[in-house]
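Here's the structure we're looking at; comments come further down.
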Amino acid sequence: QVQLVESGGGLVQAGGSLRLSCAASGSTFSIYAMGWYRQTPGKQREEVAGISSGGTTNYADSVKGRFTISRDNAKNTVYLQMNSLKPEDTAAYYCKAKWGLTNYWGKGTLVTVSS
């Protein structure tokens, strides 16, 4: 079992930056593949970025070159550095931990990008 708590969301102007954090507790963090997802009202949740237990990363095409996912296993935390933010990045952002067939989700943090 793992509990996830996201933080770092907020209001930012277009072109600005935010850094999201997801703190995990309750289990061995390093074994989990971690991901950041986002969702807007009426749309499906979409994967933004992922990082494997070994550190391999992947990104949605819409954020490549602007977002960077990283993890600090000593701090049980995964980060999402978001640069050059656009109004279309506005969404609730969720952290996910995956091990095998089991997924754990945080409650999300809201990011609003004003034009």
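Using only alpha carbon pairs under 8 Å that are at least six residues apart, calculate the relative contact order of the range 25-115 and give it in whole percent.
Numbers: 161 pairs, mean separation 24.8, N = 91.
Contact order relative to length: 27 percent.
Just to make sure I understand: if all protein chains stay in place, what is the order of 6, 88, 47 by accessible area at 1.4 Å, largest first?
On the way: 6 20, 88 125, 47 75 Å².
My answer, sorted largest first, is 88, 47, 6.
Need the full-extension length gain, residue 31 to residue 58, defined as separation in residues times 0.36 nm minus the C-alpha distance. One decimal, nm.
My answer for the length gained is 8.0 nm.
Roll a 1.4 angstrom probe over the protein heavy atoms and tell me the percent of accessible area of the chain that is carbon or sulfur.
After summing per-atom areas, the C and S share lands at 49 percent.
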Just to be sure I understand the model, the point goes 7 Å from the Cα along the line to the Cβ. What's the resulting residue 105 to residue 83 distance in nm? 3.1 nm
Give me the accessible area of residue 12, 1.4 Å probe, in Å² rounded to the nearest 10. 20 Å²
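Of 99, 105, 36, which has the most accessible area and how do the rest follow, probe 1.4 Å?
Listed by decreasing accessible area, they come as 99, 105, 36.
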Counting only protein heavy atoms and leaving out ligands, DNA and RNA, the solvent-accessible surface of residue 51 at a 1.4 Å probe, in Å² to the nearest 10, equals 10 Å²
Roughly speaking, what is the stretch gain from residue 68 to residue 45, that is 0.36 nm per residue apart minus the C-alpha to C-alpha distance, in nm to one decimal? 6.4 nm
I'd like the accessible area for residue 86: 1.4 Å probe, protein heavy atoms, all chains in place, Å² to the nearest 10. 80 Å²
Going residue by residue through the range 61-67, the Karplus relation 6.51 cos²θ - 1.76 cosθ + 1.60 with θ = phi - 60° gives ³J(HN,Hα) values, rounded to whole Hz and with x marking Gly or Pro, of 4, 5, 10, 4, x, 10, 10
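So, for the chain, what is the accessible surface per residue at a probe of 1.4 Å, expressed in square angstrom?
Values: 6040 Å² over 115 residues.
On a per-residue basis, the chain sits at 53 Å².
The values are calculated or read from the model by the stated rules, or taken from the named source; none is laboratory data. On a predicted model such as this, the values are computed, not experimentally measured, just so you know. Please note: Cβ atoms are built from the backbone with ideal geometry, for glycine as well, and neighbour counts cover all protein chains shown. All accessible areas refer to the heavy atoms of the entire protein, side chains included, with ligands and DNA or RNA removed. Shrake-Rupley method; radii C 1.70, N 1.55, O 1.52, S 1.80 Å.
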